[in-house]
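Presented below is the structure to which this report refers.
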């Protein structure tokens with residue numbers, strides 16, 4: 001009977017030890033959850049095959065402006081307690097430190113896009129291709145009094161041949 005009681009006490013001790021290990025792991029991971037969420041979002045929720053061409057055509061200017069605004073707002077509402085940041089044993093001012101953080105987050109997002117485009121994640125980051133007709137509004141009637149031509153005098157061609165059914 002003593003052997004059964006010792007076995008049960010040992011099993012209970014193993015359970016509590018495993019619980020302590022799980023709590024320790026959670027305490028280590030918890031501060032990194034925002035960064036893991038950032039990486040997860042930019043890796044699995046963004047279709048980089050569509051984003052990179054936009055960035056190459058000048059969308060990077062918008063990204064740079066958003067970085068500037070994020071730096072200014074973050075620096076104004078959350079200055080460091082000592083008034084300066086210490087990064088890699090260097091002391092930098094509030095706004096310079098925030099700019100470094102914003103730049104690092106932007107670089108991480110771009111690296112996530114590069115990893116996605118390289119195929120490193122296989123089907124985990126696969127996006128179904130939408131048809132071109134959904135992208136530009138072609139391929140369906142605009143409801144302009146029954147005429148089927150899609151060139152409404154806008155003077156732009158999206159590189160598509162549109163054949164109107166008469």
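Each reported figure results from applying straightforward, stated rules to the coordinates on display, with no laboratory input. Here the structure is a predicted model, which means the values were calculated and not measured. Positions of Cβ are generated from backbone atoms using ideal geometry, with glycine treated the same way; all protein chains shown enter the neighbour counts.
Odds and ends about this structure:
- Paramagnetic reach from residue 44 in the range 91-129 [backbone N under 13 Å; point 7 Å along Cα→Cβ]: 121-126
- Extension gain for residue 89 to residue 111 (0.36 nm times residue separation, less C-alpha to C-alpha distance): 5.4 nm.
- Straightening the chain between residue 7 and residue 66 buys 15.1 nm, computed as 0.36 nm per residue apart minus the Cα-Cα spacing.
- Estimated inter-spin distance, residue 129 and residue 52, nm [label 7 Å along Cα→Cβ]: 1.5 nm
- The rule of thumb for compact globular proteins, 2.2 N^0.38 Å, goes into the C-alpha radius of gyration of the range 31-122 1.24 times.
- Residue-span extension gain [residue 33 to residue 78] - 0.36 nm each, minus C-alpha spacing: 14.2 nm
- Dmax and Rg, reported as Rg then Dmax, of the range 49-97 (C-alpha, Å): 15.0, 43
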